[in-house]
Structures are given as structure tokens and as C-alpha cells.
Amino acid sequence: GTHAMTQELQMQAKDSVETLLAMLKFKRPAGSKGEKYFIRQFIQPTGAQSDKKGNYSLRIGNAPVLWSSHTDTVHTIGGRQELCRVGDHGIGVAKSSNSNCLGADDTAGVWLMLEMIRAKVEGLYVFHREEEHGRVGSQWLVKNNPKLVDGIKFAIALDRRDKEDIITFQSGKRCCSDEFAASLAYQLDMNYKACTFGSYTDTASYIDL
């Protein structure tokens, strides 16, 4: 029993890592073929539904939380890239690849949301389009379909470098309370701390709502 369960967990972890590596091989400028193929391969199988702007959303349970990520990257050209190891645990772009970035922004966030969906973590999941062009997808959603976020009390974007910041200000405007940041940090129990120096991501579009 215990041995079989351990083996199953190990297989799931290996599958999760292989999925992340496969996702990181896509260069995804907004609207590119690479982004569209990425969405078809990784996001559509979850059952998430697309709106007219191309944002994909999926609701699990009734929790009043929005989980947010975005499907585009800041690559200058689309296509695929080769990866390489950096140190013992890092991932980088192989020198042979014609690429200007790894694209973990926001591939890591999309991957985390897919893992959460697989684990049936409750909430409204939104995979936004064109974040790198100025939050185009989320701003479209707020203007054209604000009812999607009716009842949402918390919006958490998985879109930040490293693993220590909980952003409380975006572009100088408060986006969550210090109390919320402290509560989230406590529950995560991973040494996160409140940070006031956020630039912006899609959750900034929902502040007024």
C-alpha cells in the first residue's frame, strides 16, 4: 500500500516536471502560432472555455478566489527553443537557440495553475491573453464580461520572479491589504513576504471591481 502510493506520487512528480519542460520550449509572442498551439496542447484539455478575446476560464467549486496567469511571453519571435541545465537545479535556454528569454514569465504561472486544476483546488481560473502588451486580455474582460468575476473577493496572480514576494502595490497603486499578504504568507509557509514594488500584471485590471 504505502510503497505503491510512493511510486505513484513519484510518477506524478516526474510527469509534472516533464510537462513544465515541454511548456518552456514554446516561444509565445502574443498572437503567435506558438502561443495558439501551446493553448491547444496544455490549456484546452482542462475544459477551460474561451471568450471572444481568447482568455480561457474554468471554475472549480465555489471559492471566491480568482487564480490568474497569462499565456504570452516576451519572446521576440515565435517557435520552439532548446533548454539546458543551469547548475544543479536550474533551467536555461541553450546557446544554440535563437531566443531572447526562457519564458518562465509566465509559463511557470500557467504550469502552477494546471497543477492546481489537476489537484481540484477551488476557484476561478483565468488564463489571460496579451498581458505583455499592457494587460489587453484582462482589460477586455473587465469591460466586456465583468460578471465573470461576480462574487470574487481575492485575485491572486501567479506571475512573479523567484519565490519570496507577495505584491501589495502594482504600478504604485495598492492592490491588496497588508493583512491579506500576511495571511497568505502564513498559509503558504514558504518564507514569502509583502512587497510594494510590483510593476503590473492582469490582477491590476480588477482592482476597481
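Quick notes on this one:
- Percent accessible area from carbon and sulfur atoms, the chain, protein chains only, probe 1.4 Å: 52
- Were the residues from Lys193 through Glu18 laid out at 0.36 nm apart, the gain over their Cα-Cα distance would be 60.0 nm.
- Choice from Pro146, Pro45, Pro29 showing the highest fluctuation, given a GNM over the chain with Cα pairs closer than 10 Å: Pro45
- For the chain: rounded, prolate or oblate by the Cα gyration tensor [a/c cutoff 1.5]: rounded
- Ranked from largest to smallest solvent-accessible area, with a 1.4 Å probe on the protein heavy atoms, Asp150, Asp72, Asp159, Asp189 come out as Asp189, Asp150, Asp159, Asp72.
- With DNA, RNA and ligands ignored, accessible area of Arg160 (1.4 Å probe; Å², nearest 10): 100
- Take the Cα of Thr46, go 7 Å toward its beta carbon, and the backbone nitrogen atoms of segment 157-194 under 12 Å from that spot belong to 158.
- Each DSSP beta bridge with both residues in the chain is either parallel or antiparallel, and the antiparallel ones are about 55%.
- From the alpha carbon centroid of segment 31-106 to that of segment 171-203 is 23 Å.
- Heavy-atom SASA rank of Glu35, Glu8 (probe 1.4 Å, accessible area, largest first): Glu8, Glu35
- Choice from Gln49, Gln170, Gln187 showing the highest fluctuation, given a GNM over the chain with Cα pairs closer than 10 Å: Gln187
- Point-to-point label distance, Leu209-Asn145, nm (Cα→Cβ direction, 7 Å offset): 1.0
- Inter-label distance, His89 to Gln7: 2.8 nm, where each label sits 7 Å from its Cα along the C-beta direction.
- Only the Cβ atoms of Lys and Arg (+1) and of Asp and Glu (-1) were treated as charged; on that basis the dipole of segment 58-181 about its Cα centre amounts to roughly 320 debye.
The values are calculated or read from the model by the stated rules, or taken from the named source; none is laboratory data. Since the structure is predicted, the reported quantities are computational estimates derived from the model, not experimental observations. FYI the Cβ positions are ideal-geometry reconstructions off the backbone, even for glycines, and counts take in every protein chain you see. Surface accessibility is based on the protein's heavy atoms, side chains included, excluding ligands, DNA and RNA. Shrake-Rupley method; radii C 1.70, N 1.55, O 1.52, S 1.80 Å.
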